[in-house]
Amino acid sequence: MSARFIYVTVANQDEARKIAKAVVEERLAACANIIPGVESVYWWQGEVRSDSESVVILKTDSARVEVLTAKINQLHSYDVPCVVALAIQGGNDDFLNWISKETLPRP
């Protein structure tokens, strides 16, 4: 299996929906989960900041990670978006096969 979770933080739910819809429609991800209302504490431009954000978790095939990341960067409002790919080590084979099937490029 070569499935990946893509973890993305965004400014708000509207941006989360925009990115999720675009990448699923383009079959760069099989599906997206949006988690609203997380609080992030981080360093930015020499100071510690705290902001409310939303999280998007995308499921994709490892072959799609590079183009998916590029698309997220294009759509994202941040200068340096958090986009990280995490390997899926196991799970429901039917679900993992579905991810691979749904992220195949269409003619």
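Quick note: the coordinates plus some simple rules give every number you see, no bench work behind them. These figures come from a predicted structure and were not determined experimentally. Here the Cβ is made from the backbone with ideal geometry for all residues, glycine too, and neighbour counts use every protein chain on show.
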Mean residue ellipticity (222 nm) of the chain, computed from DSSP H runs ≥ 4 via -39,500 (n - 2.57), nearest 500: -9500 deg cm²/dmol
Phi-based couplings in Hz for segment 26-40 (Karplus 6.51, -1.76, 1.60; Gly and Pro marked x): 7, 6, 7, 9, 6, 7, 9, 10, 10, 10, x, x, 8, 10, 10
For the chain, the fraction of alpha-carbon pairs in successive 10 Å shells from zero, as %: 15, 46, 28, 9, 1
Aspartates and glutamates whose Cα lies under 13 Å from that of Lys18, excluding same-chain neighbours fewer than 8 positions away: Glu26
Amide H contacts under 5 Å for Ala3, placed H, 5+ residues apart: Ser62, Ile88
Burial order of peptide ranges 40-50, 86-96 (average beta-carbon count within 10 Å, highest first): 86-96, 40-50
Sequence-separation-based contact order of the chain, relative, with Cα cut under 8 Å and 6+ spacing, percent: 43 percent
